[in-house]
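One structure below.
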Amino acid sequence: MSTAATPATTGAPAVSPPAAGHRSTSAGTPPGPAGASRTPASFPPARVCHDAPRGLEMTGGTTTQLDGAVTLDRLASGYGALTISWSLTGEGRDLLALVDGSTVDPRGDEFVIDLLPGLDRVLICTGTARGVELPESSIIVANGSTRVECRLPAGTSYGVWPRLSLVGVDEFVVLLDEHDPSSGDLGPVAAAYGHDAATFVRAGR
């Protein structure tokens, strides 16, 4: 796969790295309808980066595996657009985004984020019906030759499953692997991560 990213040096931004932590049944209805019998485990509190992170990996022009957090270099953070795709997107498996101050454009089964207006906060989730067994998969965030792969373990999905966050910090884009073992209804997931459920966007529509 990829070469290891080069650690941030001159010009790297500055904050301690945060700790890691079916297509739907009807159009316009988010996966995981309320009222189902299973109650997901508690979600971690929302993470908001107000300062640039120091000491994180910085990557550009190569493929890097996301493990914890990584910062895109200035070129990959500030020019062009980010594309986000999930290797399992298809019938019964959706790619979802909860958006705060960012423009996320669904194009086919992918999301495209234009970097010119800047990026605030985006939570990328996968979505299924309840009790769907998912094999190992990956989400790819790419800008040209800069690619970050977030590997997802196999597991049982109970609806909306938080996977990774993208946070704009000054002129940099920081990717955080949420490592969240819980999935459930859209509302509780959004609230746990500090988002409004009304901002959710689904790719493939």
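The values are calculated or read from the model by the stated rules, or taken from the named source; none is laboratory data. Since this is a predicted model, take the numbers as computed values, not measurements. A quick note on method: Cβ atoms are made from the backbone with ideal geometry, for glycine too, and the neighbour counts reach across all protein chains shown. The area values use the complete protein model at the heavy-atom level, side chains included, leaving out ligands, DNA and RNA. Shrake-Rupley method; radii C 1.70, N 1.55, O 1.52, S 1.80 Å.
Numbers at a glance
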quantity: For VAL141: the one exception among (1) under 20 Å from THR59 (Cα atoms); (2) in contact with an Asp or Glu (Cβ under 6 Å, 6 or more places away or on another chain); calculated: (2)
quantity: Any strands (runs of 3 or more DSSP E) falling wholly within the stretch 87-150 and containing at least 2 residues that are under 21 Å from TYR193 (Cα atoms), open to solvent by 20 Å² or more (accessible area, probe 1.4 Å) and among the polar types (S, T, N, Q); calculated: none
quantity: Residue match in the stretch 170-186 (condition: modelled with pLDDT of 95 or more, open to solvent by 20 Å² or more (accessible area, probe 1.4 Å), assigned to a strand (DSSP E or B) and not small (Gly, Ala, Ser)); calculated: no
quantity: Enumeration of residues in the stretch 74-133 that are modelled with pLDDT under 95 and of a type in the set (Phe, Trp, Tyr); calculated: TYR79
quantity: Scope the stretch 167-195; condition among the acidic types (Asp, Glu) and within 24 Å of ALA81 (Cα to Cα); matching residues; calculated: ASP170, GLU171, ASP177, GLU178
quantity: Yes/no for GLY155 being surrounded by fewer than 18 Cβ atoms within 10 Å (Cβ to Cβ) and more than 16 Å from ILE84 (Cα to Cα); calculated: yes
